[in-house]
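Report on the structure given below.
The values are calculated or read from the model by the stated rules, or taken from the named source; none is laboratory data. Keep in mind that what you see is a predicted model, and the values were worked out from it rather than measured. Glycine also receives a Cβ, built like all others from the backbone with ideal geometry; neighbour counts cover every protein chain displayed. Accessible surface is based on the protein model in full, side chains and every heavy atom, while ligands, DNA and RNA are left aside. Shrake-Rupley method; radii C 1.70, N 1.55, O 1.52, S 1.80 Å.
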Amino acid sequence: MGVFETVAIALWAMLPAYVPNNAAVLAGGGRPIDGGRTWNGRRILGDGKTWRGTAMGILAGALLGVALNAVEASASDLLGVALPTFPAAVLLALPAGAMLGDIAASFLKRRTGRQRGAAFPGVDQLDFVVFALLLAFLAAPDWFGEVFTLSVLVVVVVVTPLLHLVTNAIAYALGLKDEPW
Ligand code: CTP
Ligand code: K
Ligand code: MG
């Protein structure tokens with residue numbers, strides 16, 4: 001598989017996992033998931049993880065996946081690449097995994113004494129990738145094996161942190177996000 005094909009498949013297949021974090025930033029607010037509760041004197045998750053942000057993030061990712069399925073044939077023609085379509089279980093697993101990874105990272109941040117919004121280099125950029133891939137694998141192992149070959153996985157792990165840094169810097173510059181990470 002050529003580099004262009006590998007990158008195209010990696011980005012396409014991860015789009016439903018990329019959008020939830022950004023949608024959550026736009027839609028966030030309201031009741032925090034942890035209800036304000038603490039554990040050992042620290043918030044379980046913090047005010048940055050809300051029910052509304054999480055639900056809207058998952059919805060946005062799933063709807064994007066539905067849209068990608070609808071245009072897959074034209075996009076594949078256009079790029080000259082056989083792009084994958086998303087099975088129903090994966091339409092949910094990718095965005096739900098992304099949100100779960102982000103929540104797990106906040107749990108880890110609070111346990112390590114980091115306040116809401118504090119940077120956690122490495123974890124911030126890859127938390128959602130690891131959980132999105134894990135849930136997609138559990139939801140559809142055969143599909144996962146066909147789409148996420150080793151080279152596609154390498155591209156995902158290398159390119160995702162870069163994309164994450166760029167989109168968050170843009171969201172920060174636009175005043176949508178409190179920190180640039
Ligand atoms: N957000 C949300 N629900 C989520 C994830 C994000 O409502 N599940 C919203 C919140 O308004 C949050 C913003 O998106 O403040 C930015 O997300 P993120 O950077 O993940 O949260 P932080 O506020 O930085 O908190 P943390 O330190 O826990 O990551
Ligand atoms: K985060
Ligand atoms: Mg943050």
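Test residue 70 against the criterion of being crowded, with 16+ Cβ neighbours inside 10 Å, in a helix (DSSP H, G or I), without any contact (Cβ under 8 Å) to a residue 24 or more places away in the chain and at negative phi, and give yes or no.
The answer is no for residue 70.
Each row is one residue, and each column tells you yes or no for (1) more than 19 Å from the chain's Cα centre (by Cα); (2) more than 16 Å from residue 12 (Cα to Cα).
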{"residue": "79", "(1), (2)": "yes, no"}
{"residue": "90", "(1), (2)": "no, no"}
{"residue": "100", "(1), (2)": "no, yes"}
{"residue": "105", "(1), (2)": "no, yes"}
{"residue": "130", "(1), (2)": "no, yes"}
{"residue": "136", "(1), (2)": "no, no"}
{"residue": "155", "(1), (2)": "no, no"}
{"residue": "166", "(1), (2)": "no, yes"}
{"residue": "171", "(1), (2)": "no, yes"}
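For the subset of region 28-57 comprising residues that are of a type in the set (Gly, Ala, Ser) and open to solvent by less than 20 Å² (accessible area, probe 1.4 Å), which member is farthest from the chain's Cα centre (by Cα)?
46
Cβ-Cβ below 7 Å, separation at least six or inter-chain, first residue in region 49-65 and closer than 16 Å to residue 131 by Cβ, second open to solvent by 40 Å² or more (accessible area, probe 1.4 Å) and of a type outside the set (Ser, Thr, Tyr): which pairs?
So the pair list comes out as 61/19; 62/92.
Confirm whether residue 83 is crowded, with 20+ Cβ neighbours inside 10 Å, touching a residue at least 24 places away in the same chain (Cβ under 8 Å) and either in contact with an Asp or Glu (Cβ under 6 Å, 6 or more places away or on another chain) or not in a helix (DSSP H, G or I) (or both).
Spelling it out, residue 83 is indeed crowded, with 20+ Cβ neighbours inside 10 Å, touching a residue at least 24 places away in the same chain (Cβ under 8 Å) and either in contact with an Asp or Glu (Cβ under 6 Å, 6 or more places away or on another chain) or not in a helix (DSSP H, G or I) (or both).
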